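Below is one structure, written out as structure tokens, with a few remarks after it.
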Amino acid sequence: MKFTEEHKSLAETVKDFSQNEIKPFVEEWEENGAFPAHELFKKMGNLDLLGITKSTEVGGMNLDFSFGMVFAEALGYAADLGVITAIGIQTDMATPALDRYGSVELKEEFLKPSVNGDFVSAVAVSETSGGSDVAALRTSARKDGDDYIVNGEKMWITNGTQADYFCTLLNTSDDDPHNNKSLVIIPSNLKGVSIGDKIDKIGQITSDTAPVFFENVRIPQHYRIGKEGQGFKMQMQQFQEERIFMSVSCLVILDECISKTIEYCHERQAFGKPIIYNQSIHFRLAELQTEIEALRSLVYRACENLIDGNDVTYLTSMAKLKSGRLIREVSDACLQFWGGMGFTWENPISKVYRDGRVNSIAGGTDEIMLNIICKHLGILPKK
Ligand SMILES: Cc1cc2nc3c(=O)[nH]c(=O)nc-3n(C[C@H](O)[C@H](O)[C@H](O)COP(=O)(O)OP(=O)(O)OC[C@H]3O[C@@H](n4cnc5c(N)ncnc54)[C@H](O)[C@@H]3O)c2cc1C
């Protein structure tokens, strides 16, 4: 991955934005239980930060995914995985399929305002009955003239209470589970759409996550993205950008865990010397930084492959698995070296320990990533 001056300039812009427009407000947004998505996204839209990889027809910059990845990595300077993930929903989780397969009219109505920051988007796949087994989801749409009537409920929807629309995966026929699904856009202000209470999560408190209910919601069939029955495949493709985003956007946060812990261990004395002089500590920190760099290289390689048009499922699943595990490993190890202070909120590590836990669950669990990797290796037992 060779970064050009354009990549570096984008990274600087996003770093500045993250440090000045997000990081200083995180505490206040945690107290409020959510960040103001419309306000923040409008600021980002004004700086052309929400459509880096999107087509120029909708106001995007039409740059290749290496720029999207640089954007996601530099968001790490916001130092809050809640807001970072919520931004990723807008840029890389709820909108890639719409950009790739949506009709001109659909993009004009929903993608353009997502790129300029007027709309907040959400992706609605998971359900109360299960998130891992996407093929088994139950929300469905039946045809009525030129419309669909949608019934069902979605669970764990990030940006759920603030979203203007949901990019929703649902069943549109009785075909087999991999060919009976479509991706449709469901505006949140339609009759029959209701949003449940914000879920009381362990971490990522700045982002709002909620259940969404659809009761006889009427939408025109042209709110469907692409062909009917292709939704499962489109969502699986859309998951790849999501998984690269999740893997790359935690790297700066992990780097900072290490650098801040090194700083602390230089200052902190025990037995007449700084604790960093203990080999068990400096070796461990060096080992973890090596793991972070290895993850960085893996994600960059996945990104290069994506740009070349290859199937990146194998590499992105590995990156997602590794990043989810590494956030837990790095934050746990670093926290230990802060001693008693590590078990307070008076250090920069505890928040990562708390907020990073969900990265092994959301966007596909570690076990599902392992299943995919095993499938590619030909070692997943046949059903
Ligand atoms: C904070 C948060 C935000 C989220 N945001 C969104 C969002 O915006 N949109 C959205 O659609 N979803 C979202 N999700 C849902 C998330 O993707 C699901 O929680 C996740 O896919 C797991 O589904 P589940 O919770 O139903 O767990 P289950 O599918 O019930 O799994 C439970 C356990 O069983 C394991 N398991 C299941 N199948 C297998 C298997 N075959 N082999 C081995 N182990 C297995 C799982 O790995 C897991 O450990 C979010 C979740 C959280 C917590």
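Looking at GLY130, GLY152, GLY192, GLY231, just one residue is within 23 Å of the chain's Cα centre (by Cα) and modelled with pLDDT of 95 or more, and that residue is GLY231.
In the condition set (1) acidic (Asp, Glu); (2) under 26 Å from GLY59 (Cβ atoms); (3) open to solvent by 10 Å² or more (accessible area, probe 1.4 Å), ASP174 is compliant with all but (2).
Filtering the range 118-140 to residues that are in a loop (DSSP other than H, G, I, E, B), within 15 Å of the ligand (Cβ to nearest atom) and touching a residue at least 24 places away in the same chain (Cβ under 8 Å) leaves VAL120, VAL125, SER126, THR128, GLY131, SER132, LEU137, ARG138, THR139.
On the stretch given as the range 53-103, residues that are crowded, with 20+ Cβ neighbours inside 10 Å and of a type in the set (S, T, N, Q) total 6. Among residues of the range 149-175 that are without any contact (Cβ under 8 Å) to a residue 40 or more places away in the chain, those with a beta-carbon under 6 Å from a residue that is open to solvent by 10 Å² or more (accessible area, probe 1.4 Å) and away from the ligand (no atom under 13 Å from the Cβ) at least six positions away or on a different chain give the pairs ASN171/SER140; ASN171/ASN180.
When the range 342-383 is filtered for residues that are in contact (Cβ under 8 Å) with a residue 24 or more places away in the chain, over 22 Å from TYR77 (Cβ atoms) and away from the ligand (no atom under 13 Å from the Cβ), only HIS376 remains. Scanning the range 156-166 for residues that are within 7 Å of the ligand (Cβ to nearest atom) and open to solvent by 40 Å² or more (accessible area, probe 1.4 Å) yields one hit, TRP156.
Would you be able to say whether some residue in the range 60-69 is within 20 Å of GLU256 (Cβ to Cβ) and assigned to a helix (DSSP H, G or I)? The answer is yes; a qualifying residue exists. Comparison of GLY152, GLY131, GLY203 shows that the only residue that is at positive phi and either of a type in the set (Phe, Trp, Tyr) or surrounded by fewer than 24 Cβ atoms within 10 Å (Cβ to Cβ) (or both) is GLY152.
The set of residues from the range 342-362 being open to solvent by less than 20 Å² (accessible area, probe 1.4 Å) and not hydrophobic (A, V, I, L, M, F, W, C) comprises GLY342, ASN347, SER350, ASP355, GLY356, ASN359, SER360. Taken across the range 250-269, residues that are without any contact (Cβ under 8 Å) to a residue 24 or more places away in the chain, more than 21 Å from the chain's Cα centre (by Cα) and crowded, with 16+ Cβ neighbours inside 10 Å do occur, with at least one present.
From (1) touching a Gly at 6+ places or on another chain (Cβ under 9 Å); (2) surrounded by fewer than 17 Cβ atoms within 10 Å (Cβ to Cβ); (3) assigned to a loop (DSSP other than H, G, I, E, B), pick out the condition that doesn't hold for GLN336. Unmet for GLN336, out of (1) touching a Gly at 6+ places or on another chain (Cβ under 9 Å); (2) surrounded by fewer than 17 Cβ atoms within 10 Å (Cβ to Cβ); (3) assigned to a loop (DSSP other than H, G, I, E, B): (3).
Taken over the range 209-241, the residue count meeting the criterion of being acidic (Asp, Glu), over 18 Å from ASN180 (Cα atoms) and surrounded by fewer than 24 Cβ atoms within 10 Å (Cβ to Cβ) is 1. Candidates LYS107, LYS143: the one that is open to solvent by 20 Å² or more (accessible area, probe 1.4 Å), out of contact with any strand residue (DSSP E or B) (no Cβ under 7 Å at 6 or more places or on another chain) and in a strand (DSSP E or B) is LYS143.
The values are calculated or read from the model by the stated rules, or taken from the named source; none is laboratory data. These figures come from a predicted structure and were not determined experimentally. FYI the Cβ positions are ideal-geometry reconstructions off the backbone, even for glycines, and counts take in every protein chain you see. Side chains are part of the model used for accessible areas, which takes the heavy atoms of the whole protein and leaves out ligands, DNA and RNA. Shrake-Rupley method; radii C 1.70, N 1.55, O 1.52, S 1.80 Å.
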